[in-house]
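The values are calculated or read from the model by the stated rules, or taken from the named source; none is laboratory data. All of these numbers come straight from a predicted model, not from anything done at the bench. Don't worry about glycine lacking a Cβ; one is built from the backbone with ideal geometry, like all the others, and counts go over all protein chains shown.
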């Protein structure tokens, strides 16, 4: 079986989203219709909730299929992983800069700008201890 091109994958995803919004709009229109019909009938029961809820469940399941479960989909996981990697990389850069400046400080070769950097880094070094740095 041939793998789909990126365009074909994107086209399929757009078509699925389009179908979902049509389904959602149709459900909203019929929900209003059911409510009007329910309140204009002499029945003392609120029967409109059953078709609205049943159909709404179908719309919800279609949304989960297309967009994923909030907070648990692949896109969410990928985004969280990227954010965590960026955070760790920033932390490593700060540690590295801190170590470099501490070493220069030990040899008394810090300039004024580097001294300010070191003071700033000392304030934000809550992510690591000096003992962690070898």
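Anything in the stretch 104-118 that is exposed (fewer than 13 other Cβ atoms within 10 Å of the Cβ) and closer than 16 Å to residue 94 by Cα? List them, or say none.
Here is the first cut: in the stretch 104-118, the residues exposed (fewer than 13 other Cβ atoms within 10 Å of the Cβ) are 106-109, 111-113, 116.
Result: 113, 116.
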field: Index of the failed condition, residue 54 passing every other in (1) surrounded by 11 or more Cβ atoms within 10 Å (Cβ to Cβ); (2) at pLDDT 85 or above; (3) in a helix (DSSP H, G or I)
entry: (1)
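Among the residues that make up the stretch 73-90, is at least one of them closer than 30 Å to residue 120 by Cβ, surrounded by 12 or more Cβ atoms within 10 Å (Cβ to Cβ) and at pLDDT 85 or above?
First, the residues of the stretch 73-90 that are closer than 30 Å to residue 120 by Cβ: 79-90.
Then keep just the ones that are surrounded by 12 or more Cβ atoms within 10 Å (Cβ to Cβ); that gives none.
The answer is no; no qualifying residue exists.
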